[in-house]
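Chemist: One structure coming up, written as structure tokens, with questions to follow.
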């Protein structure tokens, strides 16, 4: 759903800012930290994606299903057996 709302630029200390209505914040799911992008003459405000969100849970599932082992088994060498201490 595209919507357009007009707003004024206000002074905030030594900076300037805009107020974003709560309905817009809720509609697009903005949280405390956002990313600002400039494309041409447009300012894009978007949520910062949590790149690794859910990884811990996924790794736990992999371990439970024993899918967390090395794909390529590398044979040990004589040096590994005699010189290396684990």
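Chemist: How long are the semi-axes of the equivalent ellipsoid of region 13-62, taking √(5λ) for every eigenvalue λ of the Cα gyration tensor, in whole Å from largest down? Don't jump to the answer; show the numbers that get you there.
Modeler: On the way: eigenvalues 185, 38, 24 Å².
Those come to 30, 14, 11 Å.
Chemist: With 5 Å bins from zero, work out the P(r) of the chain over every alpha carbon pair and list the percent per bin.
Modeler: All Cα pairs, binned at 5 Å, distribute as 3, 8, 11, 14, 11, 7, 7, 7, 6, 6, 6, 5, 5, 3, 1 percent.
Chemist: Okay, next question. From the helices alone, meaning DSSP H stretches of at least four residues, give me the mean residue ellipticity at 222 nm for the chain, per-run term -39500 (n - 2.57), in deg cm²/dmol to the nearest 500.
Modeler: Values: 3 runs with 22 residues, N = 86.
Taken over the chain, the calculation gives -6500 deg cm²/dmol.
Chemist: Can you tell which of 54, 29, 13 shows the greatest fluctuation in a Gaussian network model of the chain with Cα springs below 10 Å?
Modeler: 13
Chemist: Still on this structure: Sequence gap at least 6, Cα distance under 8 Å: using those rules, report the relative contact order of the chain to the nearest whole percent. Intermediate results must be reported in sequence, preceding the final value.
Modeler: Numbers: 37 pairs, mean separation 10.2, N = 86.
In percent, rounded to a whole number, it is 12.
Chemist: Suppose R0 equals 41 Å. What FRET efficiency, 1/(1 + (r/R0)^6) with r the Cβ-Cβ distance, do residue 51 and residue 82 give to the nearest 0.05? List each step's numbers first, then the result.
Modeler: Numbers: r = 42 Å, r/R0 = 1.03.
FRET efficiency, residue 51 to residue 82: 0.45.
Chemist: Considering only DSSP beta bridges whose two residues both sit in the chain, what percent are antiparallel, to the nearest 5?
Modeler: About 100 percent, rounded to the nearest 5.
Every read-out reported here was derived from the displayed coordinates using simple, explicitly stated rules and does not represent laboratory data. Because the structure is a prediction, the values reported are computed rather than measured. A quick note on method: Cβ atoms are made from the backbone with ideal geometry, for glycine too, and the neighbour counts reach across all protein chains shown.
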